[in-house]
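Asker: Have a look at this one before I ask anything.
The values are calculated or read from the model by the stated rules, or taken from the named source; none is laboratory data. Small disclaimer: the values here were computed from a predicted structure and weren't measured. Cβ coordinates were reconstructed from backbone atoms using ideal geometry, including for glycine residues, and neighbour counts include every protein chain displayed.
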Amino acid sequence: MRHLVTGGSGYVGSFIIKKLSSMNEKVISLDVLPPIKKLSNVTYIEDSIINQELIFDITKKVDYIHHNAALVPLTKSNKDFQKVNVEGTKILIKNAIRNNIKHFCHMSSSAVFGLPEELPLNNDSKRLPVEIYGQSKKDAEDFVLSSIASNPSFSCSIVRPRTILGSERLGIFELLFRWISEGKDIFVIGKANQPFQFAHINDIVNASVNSCLYLKRGVFNIGTLEFKSLTSDLNSLIQFSEKKSRIRHLPEKLSISGLTVLDKLGLSPFAPWHYLTYHKPFYFDSNYVFKELNYRPYGSNLELLKESYNSFLLNKRLKVKEDNFSSPHNSKLKATLLDTISSISTFMPF
């Protein structure tokens, strides 16, 4: 079959392409960035999803669309979140319906839920984003859902991942893994002692591929089935690393205020989605996903963290060249003021 993968050079998109390629499916990758590595049986197009003529032409040639192209929190893209995440989705959906695509899988985000009022989250939970990125993903979801409602024959799924981990995962986690590997202390906002869930990249890939090939409609909230609190799982990762890092708990209100200022000054890699939510309890009821989409989930939070940390160490040993044009989720973060603070505070008695 013929598949279009938008955001094909990004972390999720590239793994979907690898999966489809291994299945000998025909794949077109669309991304404004070049891929880190090209596969011989994949057609790569460097362009934008807001190019309406291009999208109309491509959607006439494919059976399935895996829509992953989006600006993520790390990009701090402000008004462009709406332009790409919402308007780009509208262009794709309209052309998918117009050209009778067999199935459309929309990759959303758990950010649509903001700070949940009740847990576990399910498809009846309120979507109340707390920052601009989450709002753009909710707006995109709303258009997808309204398109499904007004076009009963349109086969479509929405995948909402929890925070994704797995091999080659860098981005914001590169900072965490780097600090642990150097034995530096890790800072966590508040107590962070309530359940917090991650998701493995393979589970996200299987959701996108299987929902398309099995024509499975619905909304799929995906996360690992085994998880503890962020503090507990990070402590276990430190023990696994055999380093001397410790977790330092920072006062919540003061930390958020400080990170907000640093963010606005361009001195912090963290976006509002990170410092407003990562210390809060957050998890899906994902049991139904794996039954509906016919695959087994991968591991626990700790196993995901270990795999991601080992992948970081391997890349570090191999001295993998940093590509300034690669996706934010598989790029290294440049040194920031936070690195300096971390180095100093390691020797501070607090």
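Asker: Could you identify the single residue in VAL219, VAL205 that is surrounded by 19 or more Cβ atoms within 10 Å (Cβ to Cβ) and either out of contact with any Gly (no Cβ under 7 Å at 6 or more places or on another chain) or basic (Lys, Arg) (or both)? Please lay out each step first, then the result.
Answerer: Details: VAL219 fails: surrounded by 19 or more Cβ atoms within 10 Å (Cβ to Cβ).
So the residue among VAL219, VAL205 that is surrounded by 19 or more Cβ atoms within 10 Å (Cβ to Cβ) and either out of contact with any Gly (no Cβ under 7 Å at 6 or more places or on another chain) or basic (Lys, Arg) (or both) is VAL205.
Asker: Keeping to the range 274-286, report how many residues are modelled with pLDDT of 95 or more and either within 19 Å of VAL205 (Cβ to Cβ) or hydrophobic (A, V, I, L, M, F, W, C) (or both).
Answerer: Going through the range 274-286 one residue at a time, the tally reaches 3.
Asker: Hand me the list of strands (runs of 3 or more DSSP E) wholly inside the range 155-258 holding 1 or more residues that are closer than 30 Å to ILE93 by Cβ.
Answerer: Working: elements: 156-161, 163-165, 186-189, 198-200, 218-222, 247-250.
Correct list: 156-161, 163-165, 198-200, 218-222.
Asker: Just checking, which of LEU115, LEU119 is in the same structural domain as GLY88 (by TED's automatic domain parsing), in contact with a helix residue (DSSP H, G or I) (Cβ under 7 Å, 6 or more places away or on another chain) and surrounded by fewer than 20 Cβ atoms within 10 Å (Cβ to Cβ)? Working first, answer last.
Answerer: Details: LEU119 fails: in contact with a helix residue (DSSP H, G or I) (Cβ under 7 Å, 6 or more places away or on another chain).
Exactly one residue qualifies, and that residue is LEU115.
Asker: Could you grab me the full set of residues in the range 259-284 that are assigned to a loop (DSSP other than H, G, I, E, B) and either touching a Gly at 6+ places or on another chain (Cβ under 9 Å) or over 24 Å from LYS126 (Cβ atoms) (or both)?
Answerer: LEU265, GLY266, LEU267, SER268, PRO269, PHE270, HIS279, LYS280, TYR283
Asker: Answer with yes or no whether SER327 is surrounded by 19 or more Cβ atoms within 10 Å (Cβ to Cβ) and at pLDDT below 95. Walk me through how you get there before you give the answer.
Answerer: Numbers: surrounded by 19 or more Cβ atoms within 10 Å (Cβ to Cβ): yes; at pLDDT below 95: yes.
In short, yes.
Asker: Hey, can you tell me all the residues within the range 142-177 that are acidic (Asp, Glu) and either farther than 18 Å from ASN221 by Cα or buried (at least 21 other Cβ atoms within 10 Å of the Cβ) (or both)? Steps first, please.
Answerer: So the first thing to find is which residues in the range 142-177 are acidic (Asp, Glu), and the list is 142, 168, 174.
Matches in the range 142-177: GLU168, GLU174.
Asker: Please go through the range 244-260 and give me each residue that is exposed (fewer than 15 other Cβ atoms within 10 Å of the Cβ) and of a type in the set (A, V, I, L, M), ordered by number.
Answerer: Passing the criteria: only LEU254.
Asker: Quick test of your reading of the structure: SER167 fulfils all but one of (1) modelled with pLDDT of 95 or more; (2) touching a Ser or Thr at 6+ places or on another chain (Cβ under 6 Å). Name the failing condition by number.
Answerer: (1)
Asker: Hey, another quick one. Which of the residues belonging to the range 37-81 are in contact with a Ser or Thr (Cβ under 6 Å, 6 or more places away or on another chain), modelled with pLDDT of 95 or more and aromatic (Phe, Trp, Tyr)?
Answerer: Passing the criteria: only TYR44.
Asker: Condition first: under 25 Å from LYS216 (Cβ atoms) and under 18 Å from the mean Cα position of the chain (by Cα). Can you find one or more residues in the range 91-100 that meet it? I'd like the intermediate steps shown before the answer.
Answerer: Of all residues in the range 91-100, those under 25 Å from LYS216 (Cβ atoms) come to 91-100.
Still in the running and under 18 Å from the mean Cα position of the chain (by Cα): none.
The answer is no; no qualifying residue exists.
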